[in-house]
Amino acid sequence: MSEVSLYSPLATPELEEHRAKVREFAEKELAPLRQKYEEENLDGLGKVFPWDIYRKLGERGLLAEHVPKEYGGRGESFLTEVVTIEEIARVCGTFSVLVDYTPTLVCNPILMYGTEEQKKKYLPPILRGEKVGSYALTEPKWGSDVASIETTAVKKGGEYVINGHKKFIMLGNIADILLVFAKTAPEAKARGITVFIVERGTEGVSYPKQEKKMGLKATPTSEIKFENVAVPEENILGGPSQLNKGIYVALDALDHGRCGVAAQAVGVAQSCLEQAIAYSGRREQFGKKIAEFQAIQWMIADMATKIDAARLLTYRAAYLRDLAIRGKISRRMVTLPASMAKCYATEVATWAAHRAIQVFGGRGFMMDEEYTPIKALPTPEKAYRDCRIFEIYEGTNEIQRMVIFRELFRKYSK
Ligand SMILES: Cc1cc2nc3c(=O)[nH]c(=O)nc-3n(C[C@H](O)[C@H](O)[C@H](O)COP(=O)(O)OP(=O)(O)OC[C@H]3O[C@@H](n4cnc5c(N)ncnc54)[C@H](O)[C@@H]3O)c2cc1C
C-alpha cells in the first residue's frame with residue numbers, strides 16, 4: 001500500500017523513488033549554497049552565476065532528462081524531468097532555472113526541430129552542464145505580441161544577416177548558444193519568422209543592458225543587440241527547410257516550457273506550505289500554538305489543496321507532452337493542459353507564498369533564514385520574490401487565459 005502515491009496513477013513508484021533521490025541531493029548539496037548565491041547577487045544583476053551547481057546537475061544527468069541517450073541525455077520521461085524541476089524549485093527557485101530554462105526552451109526545440117548535426121553538436125555539452133543556451137524572442141517593443149517582432153534576417157549569398165534587439169533574455173549574456181527568432185519574410189507576419197542558432201562570440205552580438213531583478217537573483221537577464229550578425233544558412237534551426245516556420249517552434253517550445261514553469265511554481269509553493277506548517281507548530285500566542293487557531297489551519301488546508309490541484313494539472317500536462325514528444329499524440333493536444341497548468345500553478349505559488357508570509361507574521365517579511373524552521377527550504381520572502389515572475393514569463397497569465405479560451409472554443413463551438 002505504501003507504494004501508492006497521492007499523485008497516482010501518474011506518479012509511479014519509480015517516479016517517487018526518483019523524487020526521493022533528487023530531494024536528498026537538493027537538500028544536502030544545493031540548499032547550503034542558496035544563501036551564498038543570494039547574498040552574492042543582492043543587486044539582482046546575476047553576476048555570480050552558480051556554474052558549480054549547473055555542472056553538478058550535468059554530472060548527475062539532471063539536465064534535460066528527456067533527451068535520448070544518443071544525444072547525451074538519459075531518455076527519461078518528461079514527467080521525470082518535471083519532478084526534478086519541482087524538487088529543485090522546492091529548495092531554491094533560482095536554482096530551478098538551471099534545470100528548467102535551457103533544458104526546456106533550448107534543448108527541447110533542438111531535439112524536436114534540429115538537424116542531426118545540430119542535435120549532435122549542441123545537446124551533449126549542455127547536458128554535461130558545460131554550456132548554457134537562451135531562447136531570444138522578446139523585444140523592447142514586442143512582448144506578448146510575438147508575431148510583431150522586428151528583428152530581421154536577410155539572406156546574402158549563403159548567409160543570413162541578423163539585425164535587431166532582444167530584451168529580457170534569461171542567461172542571455174552568458175549563453176553559449178542563442179535561439180534567435182527573426183523575421184525572414186516580414187510581410188508574412190507570424191508566418192515569416194525563422195529560428196537561427198547564434199553561437200557565442202559571433203561578431204556583431206552585444207549585451208547593452210543587464211536587468212536588476214527582484215527574484216531569481218543568481219541568474220542574469222540581458223538585452224542582446226544584433227548588428228549585422230552573419231550566420232551560415234545551416235544555422236537555421238532544422239536547416240533551410242524550416243525557413244519561415246519559426247512561429248511553430250516558438251509556440252511548441254512554449255507548450256513544453258510552460259510545463260516546466262508550472263513545475264517550478266509547484267516546487268516553490270510546496271516549500272511555502274512545509275515552512276508554514278512547521279512554523280505554526282512552533283510559534284505560540286495567547287498560550288497556544290498558532291496551529292491551534294482555525295484561521296491558520298484553514299490557510300494551510302487551502303494551500304495544500306490548491307498545491308495538490310496544481311501538481312496534478314502539471315503532471316497531466318507533462319505526461320501528455322511526453323506522449324507528444326514520442327509522436328503518440330499531436331503536439332496541439334498539449335497546448336490546453338500546458339496553459340492550464342502554467343496559469344493555475346503559478347497563481348497558486350504566489351498565493352501560497354503570500355499566505356506563508358502571513359502565517360509567519362513579521363518574521364515572514366524578513367530575509368533572515370534564522371526565522372525559518374526548515375533550514376533546507378527558502379524563507380517565504382525569497383519564495384515570494386522568486387515565484388512572482390512565473391505568472392509573467394513564457395506568456396503572461398492573461399495570454400494563458402486567451403490560449404485556454406481559444407482551445408476550448410475551437411473544440412466546443414459549433
Ligand atoms: C526575468 C525575465 C526573464 C525572461 N526571459 C525571457 C527569455 O529568456 N526569452 C524571451 O524571449 N523572453 C523572456 N522574457 C520576456 C517575457 O516572456 C515577457 O516579459 C512576457 O512575455 C510579457 O511581455 P512584456 O513584458 O513585454 O509585457 P506586455 O506584453 O507589454 O504586457 C503588459 C501587460 O499587458 C497584458 N496584455 C498584453 N497583451 C494582452 C492581451 N492581448 N490581452 C490581455 N492582456 C494583455 C499582459 O498580460 C501584461 O499584463 C523574460 C522576462 C523576464 C521578466
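Laboratory data are not the source of any read-out in this text; all were calculated from the coordinates shown. Since this is a predicted model, take the numbers as computed values, not measurements. Cβ placement follows ideal geometry from the backbone for every residue including glycine, while neighbour counts extend to all protein chains displayed.
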Toy charge model, Lys and Arg Cβ at +1, Asp and Glu Cβ at -1: the chain dipole around Cα centroid in debye, rounded to 20, equals 820 debye
Can you pick out the pairs among Lys21/Lys131; Lys183/Lys245; Lys47/Lys212 whose Cα atoms lie more than 18 Å from each other? Lys21/Lys131
Roughly what % antiparallel, to the nearest 5, for the DSSP beta bridges in the chain? 85 percent
Once you've got the Cα coordinates, tell me which of Lys189/Lys213; Lys342/Lys411; Lys36/Lys167; Lys119/Lys189 are over 24 Å apart. Lys189/Lys213; Lys36/Lys167; Lys119/Lys189
Extent along principal axes [Cα atoms of segment 135-244; Å; largest to smallest]: 42, 29, 22
Determine the dipole magnitude for segment 315-387: charges of +1 sit on the beta-carbon of Lys and Arg, -1 on that of Asp and Glu, nothing else is charged, the reference point is the Cα centre, and the result goes in debye to the nearest 20. 640 debye
Per its Cα gyration tensor (rounded if a/c is under 1.5, else prolate when a/b beats b/c, else oblate), segment 117-175 is best filed as oblate
Along the positive direction of the dipole of segment 1-91 (beta-carbon charges: Lys, Arg +1; Asp, Glu -1; about the Cα centre), which of Trp51, Gly73, Ala20 reaches farthest? Trp51
Express in nm, to one decimal, how much length is gained between Ala309 and Lys120 on full extension, taking 0.36 nm for each residue of separation and deducting their alpha carbon distance. 64.2 nm
GNM on the chain, Cα springs under 10 Å; top mean-square fluctuation among Val348, Val48, Val82 goes to Val48
What's the FRET efficiency of Lys155 with Ala278 using the Cβ-Cβ distance as r and R₀ = 60 Å, to the nearest 0.05? 0.50
Which FRET efficiency value, to the nearest 0.05, do you get for Glu17 and Met214 by plugging their Cβ-Cβ distance into 1/(1 + (r/R0)^6) with R0 = 41 Å? 0.70
10 Å binning of all Cα-Cα separations within the chain, expressed as whole percents from 0 upward: 5, 23, 33, 25, 11, 3, 1, 0, 0
A chain fully extended from Ser330 to Glu199 at 0.36 nm per residue, minus the present Cα-Cα distance, gains in nm 44.0 nm
If a/c stays under 1.5 just call it rounded; otherwise compare a/b with b/c (prolate if a/b is bigger, oblate if not). Do that for segment 40-181, with a ≥ b ≥ c from the square roots of the Cα gyration tensor eigenvalues. oblate
Relative contact order in percent for segment 279-414 (Cα pairs under 8 Å, 6+ apart) equals 23 percent
Alpha-carbon radius of gyration plus Dmax, which is the widest Cα pair, for segment 247-412 in Å: 18.0, 61
Apply the membrane-span-like helix rule to the chain: whole DSSP H runs, Cα extent along the own long axis of at least 24 Å, mean Kyte-Doolittle hydropathy at least 0.5. List the helices found. 246-280
Please name whichever of Thr115, Leu137, Val83 sits farthest to the positive end of the charge dipole of segment 1-142, dipole taken about the Cα centre and charges placed at Cβ: Lys and Arg +1, Asp and Glu -1. Thr115
Rank-order 370-376, 147-153, 98-104 by packing density, defined as the average count of other C-beta atoms within 10 Å over each peptide's residues, highest first. 98-104, 147-153, 370-376
